[in-house]
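Take a look at the structure below.
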Amino acid sequence: MDFDAMFDAQLNALKEEGNYRIFAELERQCGAFPRAKSHDEETPDEVTVWCSNDYLGMGQNAHIREVMKDAIDSCGTGAGGTRNISGTNNHHVALERELADLHGKEAALLFTSGYVSNWAALSTLGGRLPDAVILSDELNHASMIEGIRHSRAKKVIWKHNDPEDLDRKLAALPANAPKIVAFESVYSMDGDICPMKEIVEVAEKHGAMTYLDEVHAVGLYGPRGGGVSEREGLAHRITLIEGTLGKAYGCMGGYITGSAAMCDFVRSFASGFIFTTALPPAVAAAAKASVAYLKDSSEERHAQRDRVAYLRAQLDKQGIPHLGNASHIIPVMIKDPVKCRMLSDILMRDWGIYVQPINYPTVPKGTERLRFTPGPLHSYDDIDHLVEALSVLWKQCAIAHAVA
């Protein structure tokens with residue numbers, strides 16, 4: 001049997017649909033972010049990155065870099081194994097305490113990524129709580145969907161950001177069934193923010209556990225970077241808050257926070273925790289330093305919000321359509337996978353602007369987009385250059401402008 005032919009057939013179908021993904025080979029330049037060196041012969045040697053999830057540029061922060069280097073000199077490079085065997089280091093424990101404090105919880109548990117923390121926690125909670133039902137927002141991230149699927153618990157989908165629909169679906173379930181309401185604070189593709197207070201109140205009304213994914217909000221919202229739940233004064237009413245260290249904190253890893261009993265429960269039963277090598281201690285040390293830094297510093301958050309507002313205003317002046325939302329994520333709508341890929345390629349080749357096209361299956365067909373995440377290290381000149389490029393290409397590619 002010719003397996004390669006089978007692989008190629010499906011890859012060719014992806015290419016014909018315009019949904020085949022091509023990775024740009026970039027080299028981040030320390031101290032120069034958002035500049036990056038491009039290793040593609042058809043692009044400028046230096047490009048400006050516009051789609052990074054290192055939202056605050058903390059991956060470039062001099063203090064955080066020094067902490068990581070010091071930890072490497074102290075501990076070496078690797079963790080040495082799983083946390084259960086030989087991989088638990090003082091830096092892991094210290095980071096978990098820092099994260100528990102960030103969200104006002106008793107405990108925290110580290111994972112190797114935000115994807116793994118969602119997958120492991122939801123699959124464990126849903127799989128080990130007898131007769132559990134997980135009620136999932138219809139636009140939840142793939143990691144949450146996979147965790148729910150793996151749990152084999154009963155799943156109920158509720159309409160996106162619709163507390164009334166959630167209320168109806170909770171009311172239809174047996175009163176004695178353990179219920180878990182899983183949702184996100186900031187949804188990464190549309191950039192919309194959930195009506196958190198209303199969702200929490202509905203869950204409390206039905207005695208349901210709340211599972212909140214704050215990966216696109218931690219570090220960015222709230223007076224100490226505790227996310228939308230901190231900003232809204234709701235963290236203490238949410239059972240489990242999940243987050244990442246790989247976005248606004250500029251490092252790597254995922255985590256959950258909650259009661260000591262719940263974190264110990266997941267630690268003791270989650271295969272995604274038990275059987276995987278721990279984060280390198282140097283990564284944990286840098287992440288702790290980044291979390292602590294952003295608890296005290298709001299300078300980066302304020303600068304980011306300024307750049308976001310400026311880019312939105314310039315796009316509006318040019319009539320370039322972008323989804324309105326209250327977050328830092330600016331989706332510029334193309335609505336065609338081939339044009340989306342083409343625009344991305346031209347921006348990179350002719351303008352030195354790097355932004356990846358967002359196509360199916362990340363977003364539904366017909367909603368293809370370019371997703372921009374301006375940060376505090378983008379200059380006003382960078383933004384003006386980006387908007388000029390988009391304005392020229394909008395005319396060249398005959399894409400509809402926003403209605404004034």
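The values are calculated or read from the model by the stated rules, or taken from the named source; none is laboratory data. Everything numeric in this text was worked out from a predicted model, so none of it was measured. All Cβ positions, even for glycine, are placed from backbone atoms using ideal geometry, and neighbour counts span all protein chains on display. Heavy atoms of the whole protein, side chains included, go into the accessibility calculation; ligands, DNA and RNA do not. Shrake-Rupley method; radii C 1.70, N 1.55, O 1.52, S 1.80 Å.
Side notes on the structure shown:
- Extended-chain gain in nm, criterion 0.36 nm per residue less alpha-carbon gap, ASN12 and ASP345: 118.0 nm
- For ALA107, distant residues with modelled amide H under 5 Å away: GLY258, ALA260
- With each label modelled as a point 7 angstrom along the Cα→C-beta vector, the SER86-MET1 pair spans 4.0 nm.
- Along the chain, longest interval not containing exposed trypsin sites (Lys or Arg not before Pro), exposed being DSSP loop plus at most 12 other Cβ atoms within 10 Å: 153-404
- Protein heavy-atom accessible surface, 1.4 Å probe, per residue over segment 296-404: 45 Å².
- For a straight C-alpha distance cut-off of 26 angstrom, the lysines reachable from LYS395 (same-chain residues fewer than eight places away being disregarded) are LYS15, LYS317, LYS335, LYS339, LYS365.
- Under 26 Å of direct C-alpha separation, and excluding same-chain neighbours fewer than eight residues apart, LYS288 reaches these lysines: LYS69, LYS105, LYS247.
- Low-density loop positions, chymotrypsin sites (Phe, Trp or Tyr not before Pro), segment 272-379 - DSSP coil, at most 15 other Cβ in 10 Å: PHE275
- GLU46 long-range amide H proximity, modeled H, under 5 Å: SER38
- For segment 349-354, Karplus couplings with θ = phi - 60° (6.51, -1.76, 1.60), whole Hz, Gly/Pro x: 6, 9, 10, x, 10, 9
- Residue-wise HN-Hα couplings along segment 168-184, as the Karplus relation 6.51 cos²θ - 1.76 cosθ + 1.60 with θ = phi - 60° gives them from phi, are 4, 6, 5, 5, 7, 8, x, 4, 8, 7, x, 10, 10, 9, 10, 7, 10 Hz; Gly and Pro carry x.
- Its DSSP H runs of at least 4 residues, each contributing -39,500 (n - 2.57), put the calculated 222 nm mean residue ellipticity of the chain at -13500 deg cm²/dmol, to the nearest 500.
- Centre separation in Å (Cα based) which lies between segment 30-66 and segment 102-135: 32 Å
- Computed in the context of the full set of protein chains, the accessible area of the chain at 1.4 Å probe radius has 52% of its extent on carbon or sulfur.
- Net length gained if the chain between TYR310 and CYS51 were fully extended (0.36 nm per residue, minus Cα distance): 91.6 nm
- 3J(HN,Hα) couplings calculated from phi for segment 121-131 with the Karplus curve 6.51 cos²θ - 1.76 cosθ + 1.60 (θ = phi - 60°) are, in sequence order, 5, 5, 5, 6, 5, x, x, 9, 7, x, 6 Hz; Gly and Pro show x.
- Projecting label points 7 angstrom from Cα along Cα→Cβ for GLU106 and ASP131 puts them 2.5 nm apart.
- Residues of the chain were split at every exposed loop site, defined as GluC sites (Glu not before Pro) in a DSSP loop with at most 15 other C-beta atoms within 10 angstrom, and the longest piece left, sites excluded, is 139-404.
- Applying 1/(1 + (r/R0)^6) with R0 = 45 Å to the Cβ-Cβ distance of ALA171 and GLU41 gives a FRET efficiency near 0.15.
- Per-residue SASA entry for HIS63, accessible area with 1.4 Å probe, Å² rounded to 10: 100 Å²
- Seen from ILE145, the other residues with C-beta closer than 15 Å to its C-beta sum to a net charge of -2, counting Lys and Arg as +1 and Asp and Glu as -1.
- Extension gain (nm, one decimal) between ALA94 and ALA326, 0.36 nm per residue minus Cα-Cα: 80.2 nm
- Pairwise Lys count, segment 110-221 - Cα closer than 15 Å, eight or more residues apart or different chains: 9
- Extending 7 Å from the Cα toward the beta-carbon at both GLU27 and LYS395 defines two label points whose distance is 3.8 nm.
- Counted charge near TYR310, where neighbours are those whose Cβ lies closer than 13 Å (Asp, Glu -1; Lys, Arg +1): -1
- Amide H contacts under 5 Å for VAL156, placed H, 5+ residues apart: ILE134, LEU135, SER136
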